[in-house]
1. Got at least one residue in the stretch 79-102 being over 20 Å from the mean Cα position of the chain (by Cα) and modelled with pLDDT of 90 or more?
2. Pick out the one residue from Val60, Val66, Val24 that is among the β-branched types (Val, Ile, Thr), modelled with pLDDT of 90 or more and surrounded by 10 or more Cβ atoms within 10 Å (Cβ to Cβ).
3. So is Gly35 more than 20 Å from the chain's Cα centre (by Cα) and either modelled with pLDDT of 85 or more or surrounded by 10 or more Cβ atoms within 10 Å (Cβ to Cβ) (or both) or not?
Amino acid sequence: MLSTAWSLLMLLLVLAAIPLVLWVVKRVQTLQPAGRGPRPLQLAAQLPLGARERVVLVRVQDRLLVLGVTPQQVTLLGEADPAALPPAPSAPDFAGLLGGLTRKRP
């Protein structure tokens, strides 16, 4: 009987700890170091060529690199003019998208 009660107590403790750990992880992910500016490396665009092969454009500070990516390697194909690429569109606001979906329903 004591073993069953102990096991049930440990199960309840683990189940109670899960929301706490998820809350801590969420809080830690939103923290950013002070003075951190824009990311120095960004994926500008990608074009799939096959099942696992693609060509990607990567912004590295003020350069735009054209890379070929396969499961075995990454190859520099060339360098493009950063001014020729239009600025990346901003990501849509999730709250706005969700609000738009809920308003459409009668």
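The values are calculated or read from the model by the stated rules, or taken from the named source; none is laboratory data. Source: prediction; values computed, not measured. In this analysis, Cβ positions are derived from the backbone assuming ideal geometry, glycine residues included, and neighbour counts consider all displayed protein chains.
1. Let us first name the residues in the stretch 79-102 that are over 20 Å from the mean Cα position of the chain (by Cα), namely 79-86, 99-102.
Filter once more, so that each one left must be modelled with pLDDT of 90 or more: 79.
Yes, that holds for at least one residue.
2. Val66
3. Details: more than 20 Å from the chain's Cα centre (by Cα): yes; either modelled with pLDDT of 85 or more or surrounded by 10 or more Cβ atoms within 10 Å (Cβ to Cβ) (or both): no.
Answer is no for this residue.
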